[in-house]
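Written below as structure tokens is the structure these notes are about.
The values are calculated or read from the model by the stated rules, or taken from the named source; none is laboratory data. Just so you know, these numbers come straight off a predicted model, no measurement behind them. Every residue, glycine among them, receives a Cβ derived from its backbone with ideal geometry; neighbour counts consider all protein chains shown.
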Amino acid sequence: MATPVHVRRGLAILLALIVGAVTNFAVSCQSVGRAVLSTHGGLPADILTAPAGVWPDAAVQWPPPHAAVLTRRGYTTRVYALRAIHTPTGFIKVPQAPDVSRIWQVTESGYPFLSFRQTIGQENWHVPVPPGHTPRQNTDDGVTIRGIAWPGRPIWPGFIGNTLCYAAAAYGVGLCLVALARFMKRSIPAGGQELGSKR
């Protein structure tokens with residue numbers, strides 16, 4: 001019994017969406033790799049020379065961090081960094097010999113739309129943690145593949161847009177291949193002789 005046309009079409013669309021999502025993630029990883037290789041790690045040479053910015057994980061006792069943005073095709077990373085000493089009144093920013101170093105990095109990747117995000121947060125103490133302070137837990141929500149963490153948290157508008165673009169391309173290629181196979185089947189009969197040819 002032949003499979004109904006609407007079922008075959010539905011399966012083809014589902015397969016195209018899966019291929020589109022996988023391609024979306026692969027292109028995202030490629031964008032990150034290309035950007036990092038072209039910038040020797042993807043971070044500014046000295047983040048501590050960057051101007052002050054708004055800390056995403058802001059708290060009253062922390063001074064404004066240094067902030068830098070790096071953008072490449074299919075790749076954007078925002079880096080916030082701070083070195084400080086601890087005093088009874090709070091934290092004071094210092095360039096050297098700090099008590100604590102903090103870094104917050106948000107990377108977004110994907111093409112033609114940014115579709116995946118990775119957030120890294122670290123708080124490293126170089127002296128004993130003062131009483132009453134709870135250090136921020138180090139985090140990295142990237143997807144680890146072969147020991148490397150890649151952006152893997154979907155940015156839904158970009159994720160949907162990219163997936164649909166790649167799925168449409170995959171579906172179009174599939175239609176072309178099916179049409180070509182049907183043409184070849186009509187052109188060459190079961191006996192292997194092309195139509196119109198003479199013995």
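Here is how the numbers come out for the structure above:
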item: Within the range 15-54, considering residues that are modelled with pLDDT under 70 and not in a helix (DSSP H, G or I), the one farthest from residue 168 (Cα to Cα); result: 46
item: Unmet criterion (only one of (1) closer than 30 Å to residue 163 by Cα; (2) at pLDDT 90 or above; (3) aromatic (Phe, Trp, Tyr)) for residue 104; result: (2)
item: Residues of the range 87-140 that turn out to be assigned to a loop (DSSP other than H, G, I, E, B) and farther than 24 Å from residue 64 by Cβ, as a count; result: 8
item: Every residue from the range 57-104 that is more than 16 Å from residue 138 (Cβ to Cβ), surrounded by 14 or more Cβ atoms within 10 Å (Cβ to Cβ), under 26 Å from the mean Cα position of the chain (by Cα) and charged (D, E, K, R); result: 72, 78
item: Residue in the range 58-75 that is modelled with pLDDT under 90, outside any strand (DSSP E or B) and small (Gly, Ala, Ser) present; result: yes
item: Any hit, the range 111-118, residues being in contact with a strand residue (DSSP E or B) (Cβ under 9 Å, 6 or more places away or on another chain) and free of Cβ contacts under 8 Å to residues at least 40 places away in the same chain; result: yes
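Rundown of residues vs (1) more than 30 Å from residue 76 (Cβ to Cβ); (2) out of contact with any Pro (no Cβ under 7 Å at 6 or more places or on another chain); (3) at pLDDT 95 or above; (4) exposed (fewer than 12 other Cβ atoms within 10 Å of the Cβ), yes/no style:
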{"site": "131", "(1), (2), (3), (4)": "yes, yes, no, yes"}
{"site": "147", "(1), (2), (3), (4)": "no, yes, no, yes"}
{"site": "152", "(1), (2), (3), (4)": "no, yes, no, no"}
{"site": "155", "(1), (2), (3), (4)": "no, yes, yes, no"}
{"site": "158", "(1), (2), (3), (4)": "no, yes, yes, no"}
{"site": "163", "(1), (2), (3), (4)": "no, yes, yes, no"}
{"site": "167", "(1), (2), (3), (4)": "no, yes, yes, no"}
{"site": "177", "(1), (2), (3), (4)": "yes, yes, no, yes"}
